[in-house]
Amino acid sequence: MPVRLRSGEKARFVHLDYAASAPCVRAAADAVEGMLPWYGSVHRGAGVRSGKSTLEYEVARQAVGDFVGARAGDAVVFTRNTTDAFNLLARVLPAGVTVVVFEGEHHANLLPWSAVVRLPVPWGPDAAVESLERALAGIAGQVVFAVTGASNVTGEVWPVRRLADVAHAYGARVVVDAAQLVPHRVVDMEALGADYLAFSGHKLYAPFGAGVLVGRSDWLDAAEPYLRGGGASVAVGDGVGEVTWATGPARHEGGTPNLLGAVSLAAVCTALVGADRAALERGERDLLARLWEGLAEVPAAVPVSLFGAEHERVGIVSVALPGHDVGEVAQRLALDHGVGVRAGQFCAHPLARRLAGSVASGADDCGAGPAALLRISFGLGTVAEDIDRVVAALAQETGGLDRRVV
């Protein structure tokens, strides 16, 4: 996509903000285009469109579940996004359940929980495991442990299986935020040790408003519906409260569901299952190495990390720019170089402040304030030239004293 720069020249736009929203892939667009002539009401109506729509919606549910290794008895509930999925799960937790999270989580996994214990951000995988074990040993009653699969700030892959083994040893259930993991790695719930898993379509190249919660169905079936209305109800009597609620995913998918979002998400899942994932991962690692090597030549850019530069990560790297206004730098990358990145705290404020070496609360998600970072994230469609473009642009925009904040 050509864009006009502030100089008047045209340049190919380089999108390096995949961690916020990934571009739509052809499989998703084709699925939506193919479904539009058949679009009808799901689970309602006797016509051919309704029948086709209902069939494709349930086929999509199966495909998404298969993509993450859903087990027999797991529910696959379509939601709006990862945040919606976690709010749904928070709503269905039985009374008295304590939720344990690390402070480094995305707000989607930090804010929905009521009875919550927040653990300090660990500086290494071993520290994370030890911290979790100490916390669980001191909690009585039922516990849920919720953790990210890959950080949306640093891209680092968390030791989910090790943490899950500790949690299960204490009888806790494990919830995995896979929003940044599924676009980059093969995910299997059994291998991760996940009781529940959530992710968003817009980060998985299917930006049509669908997300998903996959996991054990007992709490979901026992809880009050997340959305009360048609579809969630089986029978409604004349008196107030005379309602028989559905079981299974329908219990929490009240109203007309997002058919096109579900179908497009399933299409991407199916396409990725059929792709050479090992080759895609190798390509991503090559681009990561190229980015790290390039950033090492940019004195103003300081990559941030919890577990160290050598730790396994997906295609996400954030840098601090000491002495520079990160938001202004990001704007110049866009306007003068045609490079789109993200500046701010990425809806993970406690972690971003910690990594930026500041406890100031003045930063926001638009790149203003002393705790802001600049994030470069990529995925399918990113090429070596894109990495070279952002490195060169960043070096140019942070190299002069006249660019520094006084």
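The table for this structure:
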{"read-out": "Protection proxy ranking, peptides 302-308, 98-104, average beta carbon neighbours within 10 Å, highest first", "value": "98-104, 302-308"}
{"read-out": "Protection proxy ranking, peptides 129-136, 267-274, average beta carbon neighbours within 10 Å, highest first", "value": "267-274, 129-136"}
{"read-out": "Debye intensity ratio in log₁₀ form over the Cα atoms of region 269-313, taken at each q of 0.23, 0.25, 0.32 Å⁻¹", "value": "-0.86, -0.93, -1.15"}
{"read-out": "Amide H within-cut-off set for residue 80, under 5 Å, with H built and near neighbours excluded", "value": "85, 211"}
{"read-out": "Rg ratio (alpha-carbon, reference 2.2 N^0.38 Å) - region 159-289", "value": "1.31"}
{"read-out": "Under Karplus coefficients 6.51, -1.76 and 1.60, residue-wise ³J(HN,Hα) of region 77-82 in Hz, glycine/proline x", "value": "10, 7, 10, 7, 5, 5"}
{"read-out": "Approximate shape of region 4-147 as ellipsoid semi-axes (Cα gyration tensor, √5λ), whole Å, largest first", "value": "37, 28, 13"}
{"read-out": "Point-to-point label distance, residue 286-residue 95, nm (Cα→Cβ direction, 7 Å offset)", "value": "5.9"}
{"read-out": "Volume in Å³ per residue [convex hull over Cα atoms, computed for region 39-79]", "value": "77"}
{"read-out": "Of the GluC sites (Glu not before Pro) in region 257-331, those whose Cβ has at most 12 other Cβ within 10 Å and which sit in DSSP loop", "value": "297, 310"}
{"read-out": "Cα-based radius of gyration of region 26-273 once divided by 2.2 N^0.38 Å, which approximates compact folds", "value": "1.04"}
{"read-out": "Within the chain, helix-based [θ] at 222 nm, where runs of 4 or more DSSP H residues each add -39,500 (n - 2.57), nearest 500", "value": "-10500 deg cm²/dmol"}
{"read-out": "GNM result for the chain, Cα springs below 10 Å: residue of 70, 275, 356 fluctuating most strongly", "value": "275"}
{"read-out": "Percent RCO, i.e. relative contact order, over region 26-273, from Cα pairs under 8 Å lying at least 6 residues apart", "value": "26"}
{"read-out": "Built amide H within the under 5 Å cut-off of residue 100, gap 5+", "value": "117, 144, 145, 146"}
{"read-out": "Residue 313 long-range amide H proximity, modeled H, under 5 Å", "value": "157"}
{"read-out": "J(HN,Hα) series, region 307-313, from Karplus relation 6.51 cos²θ - 1.76 cosθ + 1.60, nearest Hz, glycine and proline x", "value": "10, x, 4, 8, 6, 4, 8"}
{"read-out": "Helix axis angle, 125-137 relative to the chain longest principal axis, alpha carbon, degrees", "value": "40"}
{"read-out": "Gaussian network model of the chain, springs between alpha carbon atoms under 10 Å - residue of 179, 266, 393 with greatest fluctuation", "value": "393"}
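Read the figures in this text as sums done on the coordinates, not as results from a lab. Please read these numbers as outputs of a predicted model, since none were measured by experiment. Note that we place each Cβ from the backbone using ideal geometry, even for glycine, and neighbour counts take in every protein chain shown.
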